[in-house]
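Read through the structure below, which is laid out as structure tokens, and then see the notes.
The values are calculated or read from the model by the stated rules, or taken from the named source; none is laboratory data. All figures in this text were calculated on a predicted structure; none of them were measured in a lab. Positions of Cβ are backbone-derived with ideal geometry, glycine not excepted, and every protein chain shown enters the neighbour counts. Note: accessible area is taken over every heavy atom of the protein model, side chains too, but ligands, DNA and RNA are not part of it. Shrake-Rupley method; radii C 1.70, N 1.55, O 1.52, S 1.80 Å.
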Amino acid sequence: MDQFSNGDIFIGEIIGTAVLILFGAGVCAAVTLTRSKAKAAGWVVIAFGWGFGVLAGAYTAGPLSGGHLNPAVTLGIAVDTGHWDKVPVYVAGQLVGAVLGAVLCWLAYYAQFAANAEAENAQPTLGIFSTVPEVRSPVANLLTEVIATMGLVLPVLAFGLTKGLGQSGTQTLMVSFVVVGIGLSLGG
């Protein structure tokens, strides 16, 4: 974390996280909204959309910040390395980027949101911008989130320990595949 300036980290995380959320929320909007051509395309499409969002966002942010894009990843790296001084800068950039990405998604799908709201069979839209469990069980839902977060952070840390992956860009590709895998295996 020490190789990047605070300004580069903040800007990189804003841009990368905005791209991630634009793609991720965008695919959820495409699959959810009543008049979308992708309506009801399903969770496989959503898992791949989020994975491609991670790929695009991390490659975009990588040169500026390393492309953490997620506070859990930033915290995992800080625990692993013991470098905590830039964690607030990373998290602040990620939060601003997430809001920006959500706004861009809303703008891109503005007409679809309006058509959905007027439709007789209007679809709920909360799940476009947040996780909504199919079965509401707070303990089980929290446990699933903890397991999925560990399923993301542990491979990210392991990929960072494998020489050459970060330099070749393969590490970012592998992380995006992990996100697709988490979506496919734990997204139900």
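The table below gives the values:
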| item | result |
| --- | --- |
| Prolate/oblate/rounded call for the range 63-148, Cα gyration tensor, a/c under 1.5 rounded | oblate |
| With at most 13 other Cβ atoms within 10 Å, longest stretch of the chain clear of loop GluC sites (Glu not before Pro) (DSSP) | 1-119 |
| Test item: Cα-centred dipole of the chain, Lys/Arg +1 and Asp/Glu -1 on Cβ, debye | 360 debye |
| Highest-MSF residue in the chain out of L173, L142, L55 [GNM, Cα springs under 10 Å] | L142 |
| Kirkwood-based shape ratio for the range 20-62, expressed as Rg/Rh from alpha carbons | 1.05 |
| MRE, 222 nm, helices only [DSSP H, n ≥ 4, -39500 (n - 2.57), over the chain, to nearest 500] | -25000 deg cm²/dmol |
| 1.4 Å probe accessible area per residue over the chain, in Å² | 55 Å² |
| Accessible surface of the chain [probe 1.4 Å, protein heavy atoms]: carbon and sulfur percent | 68 percent |
| Helix runs (DSSP H) in the chain reaching 18 Å along axis by Cα, Kyte-Doolittle at least -1.0 | 6-32, 43-65, 87-108, 138-161, 170-186 |
| Average silhouette area of the chain, convex hull of alpha-carbon atoms, in square nanometres | 10.8 nm² |
